[in-house]
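Heads up, the thing below is written out as structure tokens.
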Amino acid sequence: MQPGVTGWAATTEADDPYSMPSAVQPSSKSTKEAVKNALSRWGRKVGEATRKAEDLSRNTWQHLRTAPSITEAAVGRIAQGTKVLAEGGHDKIFRQAFSAPPDEQLRKSYACYLSTSAGPVMGILYLSTARVAFCSDNPLSYEAAGGDATEWSYYKVAIPLHRLRTASASASKVNPAEKFIQLVSVDKHEFWFMGFVNYDSAVMHLEEALTGFHNLHA
């Protein structure tokens, strides 16, 4: 049976040189407020992290649902991720796909779909210091001139920032989870992108890039 200790009075420094009793300071109001504020900040951070996780989950599910086949979309996204790692990152893929000069810097890249007359095309939207560009993950088939043969090519779109008039966010009234970004060029060509995994970030950085570019060249 272990001996019980009823308090510091049970031992003294003379009896036990290893004990170090210390007086307890009374709690102050400022200390309580500091703890309360720290817990409040922690709660807000947890709430924000939870919201971001929920948004990412919804966006990822919507991204997969946008494709004709959820399974094919999931496999395609994994294959694209493997390709990015194998080829050294999005920056190298962007430069190869669009022959970007050394002074053009890639700012952001986003997995999404481009709406076309043949249906949504899965790929990556690139935002650089000079343009907004899109390249499909895989080559698409098309009939060659004369219709005698079928050829394959990546679906690409590139809009220089000085030719981009607006970048607008919108969502379906029927299904708010379906979110879009509409890009309109100065000569009124429209491009609709959807199924973003990181939708809010894409909207924010596109709007910032467009506003910043126009302000710089105003």
Would a scan of the range 188-207 turn up a residue that is under 16 Å from residue 120 (Cβ atoms), outside any helix (DSSP H, G or I), among the β-branched types (Val, Ile, Thr) and modelled with pLDDT of 95 or more? no
Kindly indicate whether residue 189 is free of Cβ contacts under 8 Å to residues at least 60 places away in the same chain and either open to solvent by less than 60 Å² (accessible area, probe 1.4 Å) or not acidic (Asp, Glu) (or both). yes
Quickly run through the range 142-170 and pick out the residues that are open to solvent by less than 70 Å² (accessible area, probe 1.4 Å), at pLDDT below 90 and in a strand (DSSP E or B). 153
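The values are calculated or read from the model by the stated rules, or taken from the named source; none is laboratory data. Quick caveat, the model's predicted, so the values are computed rather than measured. Cβ: placed from backbone, ideal geometry, glycine included. Neighbour counts: every protein chain shown. The accessibility values were calculated without ligands, DNA or RNA, using every heavy atom of the protein model including side chains. Shrake-Rupley method; radii C 1.70, N 1.55, O 1.52, S 1.80 Å.
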